[in-house]
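Where a number appears in this text, it was derived from the coordinates with a stated rule and is not lab data. Quick caveat, the model's predicted, so the values are computed rather than measured. Here the Cβ positions follow ideal geometry from the backbone for every residue, glycine too, while neighbour counts run over all protein chains shown.
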Amino acid sequence: MQDKAIALQDVDLSLGRGAARVHILKGISLDIGQGEAVGLVGPSGSGKSTLLMTMAGLEQPDSGKILVDGTDLAALDEDALARFRGRRIGIVFQSFHLIPTMTALENVALPLELAGEADAFARAEAELEAVGLGHRFHHYPAQLSGGEQQRVAIARAIVSNPAILVADEPTGNLDEATGQAIIELLFALKRGRGATLVLVTHDLNLARLCDRTVRLRSGRIDTDAVVTA
Ligand code: ADP
Ligand code: MG
């Protein structure tokens, strides 16, 4: 029995080589409950993106432990980790990471196809419609605006109904109305399916809707506070 979606225990992480090596995360310990929405805030360069990628198993810590749904990520080999991530974690990258040679629809359908699901394209179409891109199925990423690419990335991250969604500034490139629609979509995942959300954001509207705000400063947790209405 455990009710933690994500637990980090004294995580340290450095990136880069030689003189360019940077000690980014310094002794991070953090528990995130299942179904909790956590806003990750802090100044640029404080380590928010790196922390998000570390939780998602895309960066390996130098020391410390990361447990996702009770599974120690260090105990999984590369293939097992990729499968684990594919099944449980939706990731929205700050720079989207869409596949340039695939259309919006193909990008969104890809995780379902990789999981061998039969109705991949129908579900991808529905998800693109939900993010307001029903008219952009057959466009390639380079033919889309930044905000549209961001919405494709969000559709791809949520199409498989992940139990955990980590998103790096998911409303960062959007106008207010579109941002609001995306916020509703993310929180519908939490309400409807009890998904856990970890959202890096500078958007106060978004941060206010979270259960908790964790503020990073120079790679350490500066404050960890419950959001009061
Ligand atoms: P944030 O998302 O809060 O702006 P990041 O996690 O992107 O911060 O980066 C934290 C710090 O780590 C920054 O100073 C950045 O320059 C540095 N950094 C990030 N990635 C690398 C890398 N691959 N190699 C070296 N330094 C990096
Ligand atoms: Mg960042």
(request) Test each condition in (1) buried (at least 22 other Cβ atoms within 10 Å of the Cβ); (2) farther than 21 Å from residue 38 by Cα for residue 126 and report the one that comes out false. (result) (1)
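For the range 129-141, does any single residue satisfy the condition of being within 16 Å of ligand 1 (Cβ to nearest atom) and over 18 Å from residue 89 (Cβ atoms)?
So far as the range 129-141 goes, no, none of its residues is within 16 Å of ligand 1 (Cβ to nearest atom) and over 18 Å from residue 89 (Cβ atoms).
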(message) Out of everything in the range 6-26 that is surrounded by 14 or more Cβ atoms within 10 Å (Cβ to Cβ) and free of Cβ contacts under 8 Å to residues at least 60 places away in the same chain, what residue ends up being farthest from ligand 1 (Cβ to nearest atom)?
(response) 9
(message) If residue 62 meets every condition in (1) away from ligand 1 (no atom under 16 Å from the Cβ); (2) more than 28 Å from residue 211 (Cβ to Cβ) apart from one, which number is that one?
(response) (1)
(message) Between 39, 33, 64, which is touching a strand residue (DSSP E or B) at 6+ places or on another chain (Cβ under 8 Å) and farther than 22 Å from residue 226 by Cα?
(response) 64
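So, residue 91, is that one at negative phi, within 16 Å of ligand 2 (Cβ to nearest atom) and part of a strand (DSSP E or B) or not? Quick ask: steps written out before the conclusion?
Numbers: at negative phi: yes; within 16 Å of ligand 2 (Cβ to nearest atom): yes; part of a strand (DSSP E or B): yes.
For residue 91, the condition - at negative phi, within 16 Å of ligand 2 (Cβ to nearest atom) and part of a strand (DSSP E or B) - is met.
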(request) Select, from 63, 49, the only residue that is in contact (Cβ under 8 Å) with a residue 40 or more places away in the chain, of a type in the set (S, T, N, Q) and within 16 Å of ligand 2 (Cβ to nearest atom). (result) 49
(request) Evaluate the range 27-42: report whether one residue or more is within 13 Å of ligand 1 (Cβ to nearest atom), of a type in the set (D, E, K, R) and in a loop (DSSP other than H, G, I, E, B). (result) no
(request) Return only the number of the condition from (1) closer than 16 Å to residue 222 by Cα; (2) not in a strand (DSSP E or B) that residue 61 does not satisfy. (result) (1)
